[in-house]
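Trainee: What follows is a single structure, and I will ask about it in a moment.
Every number in this text was worked out from the coordinates using simple rules, so none of it is lab data. Bear in mind the structure is a predicted one, so any value in this text is a computation, not a measurement. Note that each Cβ is placed from the backbone with ideal geometry, even for glycine, and that neighbours are counted across all protein chains shown.
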Amino acid sequence: MEEETEGNMTGGKKEMDEKESILIVDDDESIRRSLTLVLRKKGYETEAAESGREAIEKVQGRFFNLTLLDIRLPDMEGMELLNSIHRESPQSIKVMVTGYPSLENAVEALNLGADAYIMKPVDPKKLLQVLEEKIGEQQETEKMSEEKVADWIRHRARKLDSTG
């Protein structure tokens, strides 16, 4: 639906000069458009999907930093989609969005890998706050992982130098 260029993706990681990417999954076109406008205005790259099947195809085709998932979709339950996306892209942030909030849904979503749970109507300020917090956590985790790999390489290189 509303797509931008997909950018250069390598090995599931985004290039340093690319914007954070967000997939918006909702069967309501007005919600997809509204969220797209808010997020693009804040500098995020967005793509949208109106069904679970379309969302899965998009996630299989590229990495999204974050996915906003409606709990009720025409072709599958949002929890089923959450589970599929979590299996396909575990490092991606998953935020459930629902107009039918319940404690049971919230607990199930978190148990299936959701990183946050937001109720409709979505408050743009609250949404942006949650997204910025979660993407910041993702970037910090990625940075720590890269530092661990670099430390391991340095350690391994020293070990090889001392034995060779």
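Trainee: Name the single residue, out of those in the stretch 92-126 being under 21 Å from Arg33 (Cβ atoms) and in contact with a Ser or Thr (Cβ under 9 Å, 6 or more places away or on another chain), that is surrounded by the most Cβ atoms within 10 Å (Cβ to Cβ).
Mentor: Filtering first and then ranking leaves Val95.
Trainee: When you check Ser162 against the structure, is it of a type outside the set (A, V, I, L, M) and in contact with a His (Cβ under 9 Å, 6 or more places away or on another chain), yes or no? Walk me through it before giving the result.
Mentor: Details: of a type outside the set (A, V, I, L, M): yes; in contact with a His (Cβ under 9 Å, 6 or more places away or on another chain): no.
Taking the combined requirement at face value, the residue does not satisfy it.
Trainee: Got a number for residues in the stretch 41-76 being of a type in the set (Lys, Arg), touching a residue at least 24 places away in the same chain (Cβ under 8 Å) and under 15 Å from Leu128 (Cβ atoms)? Please lay out each step first, then the result.
Mentor: Our first condition is that a residue be of a type in the set (Lys, Arg); within the stretch 41-76, this holds for 41-42, 53, 58, 62, 72.
Retained after the next criterion (residues that are touching a residue at least 24 places away in the same chain (Cβ under 8 Å)): 42, 58, 62, 72.
Retained after the next criterion (residues that are under 15 Å from Leu128 (Cβ atoms)): 42.
The qualifying residues number 1.
Trainee: Restricting to the stretch 40-59, what's the tally of residues that are surrounded by fewer than 22 Cβ atoms within 10 Å (Cβ to Cβ) and more than 13 Å from the chain's Cα centre (by Cα)?
Mentor: 9
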